[in-house]
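The values are calculated or read from the model by the stated rules, or taken from the named source; none is laboratory data. Predicted, not measured: the structure shown is a model, and the values here were computed from it. Glycine also receives a Cβ, built like all others from the backbone with ideal geometry; neighbour counts cover every protein chain displayed. We work out accessible area using only protein heavy atoms, side chains counted, and drop any ligands, DNA or RNA first. Shrake-Rupley method; radii C 1.70, N 1.55, O 1.52, S 1.80 Å.
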Amino acid sequence: MLFPLGGPVPESEIVDRENFIYSLQTRLAEGQSIMLAGPRRIGKTSLANEVLRRLKKQGLYIASVDFFRASSKRKIAESIIDSCLENRTGIRKTLDAVWDQAKLLAGSAKIAVKLKDLEFNMGFPKKEMDEETLLEYALNLPEMLSEKDNKRMVILFDEFQDAGQIAGQEIYKQMRSIFQLQRRVSYLFLGSKEGMMQSLFGGKKHAFYRFATVLPIPEIPEDAWKSYINRKFKDKQIEINRDAVLVEVIRLAGGHPQDTMLICSEAYYTLLETGQQVLTSDIIKIAYERAMASLTPVFDEILDEYKKPLQRDILRRLAVRENIYTESKHPNEVKRAVDQLLISGVIEKEKRGRYRFVEPMLQEYILRNY
Ligand SMILES: Nc1ncnc2c1ncn2[C@@H]1O[C@H](COP(=O)(O)OP(=O)(O)OP(=O)(O)O)[C@@H](O)[C@H]1O
Ligand SMILES: [Mg+2]
C-alpha cells in the first residue's frame, strides 16, 4: 500500500509529530505519566508506538497493553506480565513458554533461567493462580522488574477506558493505589473515548484524578502533509500538476489524518487504473467520491445510533452550522443528544460553545443524505 490505512503506521509513514514525539519521549523517560485522548483514527497508537520504540532504543524497559484486545481480567494480567517479561526474555509469550511443560523441556529452559531471580523475589506467576491474584502480581511486576534491572520503565495502556468494562470499575482504584507508589515506572494512557478518559483523569472523584499530565494531540500542519504526499507520489514517478491540488486534498479531508490518507490512496488507484501519471484536480474529485463511497458503511454504522428524529435534526443542524437550540425543542433533550455525540467522538467542542465534526467527511455525508 502506498498510503497506509486502518492501523498504526511505521516510523517512515508518520506525518509530522516529530516535536510531539520528542516531547512525549522526554517526559516519559523523566518519569512523568501522560494521558492522551483523541477520536478514532487520528494516529494515537502510531504516535505511542513510535515513542516506545525510541524509549527502548534509549535503553528503557517498555511494555504495552491494548485493552481493546483484552477480554477478561485474566487476559489483562497475562498481557501485562508477558509484555514486561519480554524485556528480559525477548519473546512475546513468555508465560505460555514457561507454563507449557512440553515447551519447557524443548527449549524454554533458557527462558526459565533468565527469570530465576524473579521467582526468588516474588515467586513466578503460576498457571493455577486465580485472576485476582494474577492481576495483583501483574500490577506489581513493573516496579519490581525495573528495580532489579536498574532500568526505568514506560508502560503504554491503549484504549484505557475499556479496562473498566472488561474487569469492573474497581480495577482503576486498584491500579492507582499500586501505581502511585512506583518510583521507576511511568505510564502513557491512550483512549479514543474522550469523555470517559477526561472523567477518569479529570474528575475529582475518579481514581486517576491528577495522576497523569493531560496533553492535547496537536493537529498535523498543512505543510507536513504537502511534503509527505509529494514525496509519496514522486516515489511512483507521479507528477502533481499544481500545488493547489494538494491543498485541495487536505481541505477535503478537513485535517482528518486517516481520511487524508484515504483520498490520496484512492487518487493513486485511480491513476493506476487509468494509466495516468499526473495528479490533477479532476483525479482528486474522483478520489474523493470513491473515498466517500468506501466510508458509507462506516458512517451508516455511526449514524445508526442516532435514529430519533430529534437526534437526526441536531446532526443536520450541526452539519449546516445552524443553531441547535430552537424553541420547538426542549433544551435538556438537545443537550443530551449533543453530549452523546461528544462522548462518542462524532463532534468536538470548538471555542465559544460551537461544535465541529471530528471527521469533516461525515459532515459532508450528512449534508448529502439528510
Ligand atoms: N501522523 C500520521 N501520519 C500518517 N498517518 C496517520 C497519522 N495519524 C493517523 N494516520 C492515519 O490514521 C490511521 C490510524 O492510525 P492509528 O491506528 O495510529 O490511529 P488511532 O488514533 O490509534 O486509531 P484507533 O482509534 O482506531 O485506535 C493510519 O493507518 C493512517 O492512515
Ligand atoms: Mg489506536
Condition (residue is more than 16 Å from ligand 2 (Cβ to nearest atom), over 26 Å from Lys73 (Cβ atoms) and surrounded by fewer than 16 Cβ atoms within 10 Å (Cβ to Cβ)) applied to segment 189-207: is it met by at least one residue?
yes
List the residue pairs whose Cβ atoms are under 8 Å apart, where the first residue sits in segment 196-211 and is in the same structural domain as Gly31 (by TED's automatic domain parsing), the second is at pLDDT below 90, and the two are 6 or more positions apart or on different chains.
Met196/Ile343; His206/Ser199; Tyr209/Gly203
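Let's see how each residue does on (1) open to solvent by less than 60 Å² (accessible area, probe 1.4 Å); (2) more than 16 Å from ligand 1 (Cβ to nearest atom); (3) modelled with pLDDT under 90; (4) on the phi > 0 side of the Ramachandran plot:
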{"position": "Lys44", "(1), (2), (3), (4)": "yes, no, no, no"}
{"position": "Gly59", "(1), (2), (3), (4)": "yes, yes, no, yes"}
{"position": "Ile62", "(1), (2), (3), (4)": "yes, yes, no, no"}
{"position": "Phe68", "(1), (2), (3), (4)": "no, no, no, no"}
{"position": "Asn87", "(1), (2), (3), (4)": "yes, yes, no, no"}
{"position": "Lys103", "(1), (2), (3), (4)": "no, yes, yes, no"}
{"position": "Leu139", "(1), (2), (3), (4)": "yes, yes, no, no"}
{"position": "Leu145", "(1), (2), (3), (4)": "yes, yes, no, no"}
For segment 284-306, check the following and say yes or no: at least one residue is surrounded by 11 or more Cβ atoms within 10 Å (Cβ to Cβ), in a loop (DSSP other than H, G, I, E, B) and in contact with a helix residue (DSSP H, G or I) (Cβ under 9 Å, 6 or more places away or on another chain).
yes
Verdict on Ala109 being at pLDDT 95 or above, away from ligand 1 (no atom under 16 Å from the Cβ) and of a type in the set (Gly, Ala, Ser)
no
Does at least one position in segment 193-207 carry a residue that is touching a Leu at 6+ places or on another chain (Cβ under 8 Å) and modelled with pLDDT of 95 or more?
no
Phe3 fails exactly one of (1) within 21 Å of the chain's Cα centre (by Cα); (2) more than 10 Å from ligand 1 (Cβ to nearest atom), namely (2)
